[in-house]
Amino acid sequence: MCGIVGYIGNGEASDIIINSLKKLEYRGYDSAGIALIDGDNGSTAIYKKEGEISNLESILPPITSRIGIGHTRWATHGKPTTKNAHPHSSGNISLVHNGIIENYMELKEELVSEGYEFSSDTDTEVLAHLVKKHYTGDLYTALRTALGYVHGSYALAVLSKDHPDELIAARKDSPLIIGLGDNENFIASDIPAILEYTKRVIYLDNFELVSVKQDSIQVFDLEGNHKKKEEHIIEWSPEAAEKAGYSHFMLKEIHEQTNSIHETMLGRLHELEGDVIFDELGLSRAQISQIQRIEIIACGTSYNAGLLGKYLFEKLAGIHTDVDTASEFRYSSPVVTPGTLVMAITQSGETADTLAAVHEATYYECKTLAITNVVGSTISRDASSTIYTRAGPEIGVAATKSFTSQLVVLYLLAILFARVRYTMDADKAQQLQSELRKIPGHVRHILENERSIHKCALKFVKTNDYFFIGRNINYPIALEGALKLKEISYIHAEGYAAGELKHGPLALITKNVPVVAIAPQGHTYDKILSNIKEVKARDASVIAIADMDDTEISKYVDAVLTIPKTDEMLSPILSSIVVQLLAYYTALEKKCSIDKPRNLAKSVTVE
């Protein structure tokens, strides 16, 4: 996820763009860049720099310009370096982009064969060359033609010194808005960028292009048909705008999961053949076939994701899998051999314990695979190979969208390993992939009905203790639900494998302790019902997370929070959204510091 800004008008473009980019720095802070048409000589001036926007400011000379584009980057292809920073150029074309071009390697090979030279490692540079290739004097037509060759997602803005009175922008699957000013207009990824200058906006829809001039806006579809767009007035305060109108970053990031899950899957599913594509995996099919066991190492929320991964790799791919907390792994005597794949999961890629564990694993001459959200992070350099979750920046300390993106990567890896090792046929793989594609829509349904979760949180907000229980693949979500509640509401909460209640924890169950039972229908459904009856016999209040079409469970519990029906194996993703919202609204009612809970940090970089 990156931040895009464009400006044309009578103001000083460089100042406006830099100021606007600062409002979008939460969308990306790996590098930043700006392209301006110099008002003195008509040339295009491009400045970009690795790191924060202040680094870009330090190299930006005084320049008179009335038109320009800017970008703050969250890397997805290519390390966060100056050469990979946007804008990217080809001839007189300069371009900034947010999204992922799935077929960029195919396009790049074709462009190289035609003599185009590449100076970065990004997928975005392909777009700049494509627009240049099809440019014959009309910038809009060039972009429209170029996009016909592109597969993937994009929000982009294009600038050319040959058109000093026009910016062209386009959108598919990545957000883009147009700000309407007084004899000036704006392009932005998000409202905070332009709220200081205008409250009048137009939202672009998928497959729309726009010609932005100082005194006019024209929107078209990909066929060139003119589109009439509704103007909206934004009434947020600038502070609220940074959170897109949400009261907290955590709630915003919970709602972003409809998009982040989609981005994680983008370009990685081959549904027709039931295959999964991970070009960055670094393992051949032969090497996947020879994996003897998997060792997952992680901390906190990432550990809970890894625990679900254990169930997936064992059930789907038939690979024995162990999960260790990274802080303990290096001090044990791990059974790690060259036939072991060590899988390290870390949102930031900088978690000290996980990095130390990866270093320990390298002594055993085995392959190490990192799953992380941050391109260029330390673990991406230390591990043999890296898979990026593409969840985008996560500001709230409590992991939400990064967790579900980790889960999606683990599902995809399990399907891939299962197909390569012939433990899953194409029909089953196609079925799972088809259901995976529906997950963002299912998440949207939960979010549209979150009021019931808020009401449930309010009912139990004064409790001092919570229990979360689940069986099999739902057990890791019970752990995650308890962790989320502890992190942000400061209520003591425990997650248990439901069958373990009778081995001690049942002694703590009383009428004052609500129990959240994660109980979608599946092969352990009857067992979780028995556990629910056990705690009800001790006068506990039970909140069930269950399928929408389950008419039985309401007979045994005090509240039901529903999720859309999906494949049993995929239901943990949906249950995760519910426990996140339950924790959020509990903390909200307790007036806790949700985005920055006490004693916690987003990235734990010390042991």
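The values are calculated or read from the model by the stated rules, or taken from the named source; none is laboratory data. These numbers were taken from a predicted model, which means no experiment stands behind them. Using ideal geometry, Cβ is built from the backbone for each residue, glycine included, and neighbour counts are taken over all protein chains shown. With ligands, DNA and RNA removed, areas are computed over all heavy atoms of the protein, side chains included. Shrake-Rupley method; radii C 1.70, N 1.55, O 1.52, S 1.80 Å.
Values computed for the structure shown
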{"read-out": "Net charge of neighbours whose Cβ lies under 10 Å from the Cβ of K23, counting Lys and Arg as +1 and Asp and Glu as -1", "value": "-2"}
{"read-out": "Crossing angle, helix 124-133 versus the chain [Cα axis fit, 0-90 degrees, rounded to tens]", "value": "30"}
{"read-out": "Separation in nanometres of the label points that stand 7 Å from Cα toward Cβ, at R451 and D322", "value": "5.1"}
{"read-out": "Acute angle (nearest 10 degrees) that the helix 475-489 long axis makes with the longest principal axis of the chain, alpha-carbon atoms", "value": "70"}
{"read-out": "Spatially proximal aspartates and glutamates relative to K172 (Cα-Cα < 15 Å; intrachain offsets below 8 disregarded)", "value": "E102, D190, D205, E208, D221, E223, E263"}
{"read-out": "Cβ-defined net charge surrounding L485, 11 Å radius [Lys, Arg +1; Asp, Glu -1]", "value": "-1"}
{"read-out": "Long-range amide H partners of T386 with built H, under 5 Å", "value": "A370"}
{"read-out": "Rounded FRET efficiency, nearest 0.05, which uses the C-beta distance separating N19 from R598 and R0 of 51 Å", "value": "0.95"}
{"read-out": "Simple spin-label estimate for H492 and E196 in nanometres, 7 Å along Cα-Cβ", "value": "4.8"}
{"read-out": "Cross-link reach list, lysines versus K83, counting only Cα pairs under 18 Å and skipping chain neighbours closer than eight places", "value": "K48, K49, K108"}
{"read-out": "Alpha carbon Rg of region 265-314, scaled by the compact-globule rule 2.2 N^0.38 Å", "value": "1.36"}
{"read-out": "Between region 197-214 and region 42-116, the Cα center-to-center distance that results, in Å", "value": "21"}
{"read-out": "Whole-number percent relative contact order across the chain, with pairs defined as alpha carbons under 8 Å at least 6 apart", "value": "11"}
{"read-out": "Added length on full extension, which subtracts the Cα-Cα distance from 0.36 nm per residue, H151 to H503", "value": "121.4 nm"}
{"read-out": "For S593, solvent-accessible area (1.4 Å; no DNA, RNA or ligand), Å²", "value": "60"}
{"read-out": "Accessible area of K438 in the full protein assembly, 1.4 Å probe (Å², nearest 10)", "value": "100"}
{"read-out": "Accessible carbon and sulfur surface of the chain relative to its total accessible area, %, 1.4 Å", "value": "47"}
{"read-out": "Cut-off under 5 Å, modelled amide H: who pairs with V542 long-range", "value": "V515, D558, A559"}
{"read-out": "Stretchable slack from E280 to D567, in nm (0.36 nm times residue separation minus alpha-carbon distance)", "value": "100.6 nm"}
{"read-out": "In Å², nearest 10: area of Y104 left accessible to a 1.4 Å probe", "value": "40"}
{"read-out": "Crossing angle, helix 571-589 versus the chain [Cα axis fit, 0-90 degrees, rounded to tens]", "value": "90"}
{"read-out": "Local net charge near P520, Cβ-Cβ under 12 Å (Lys/Arg +1, Asp/Glu -1)", "value": "-3"}
{"read-out": "Accessible area per residue in Å² at 1.4 Å probe, computed on the chain", "value": "38"}
{"read-out": "Distance between region 281-335 and region 430-474 - C-alpha centres, whole angstrom", "value": "26"}
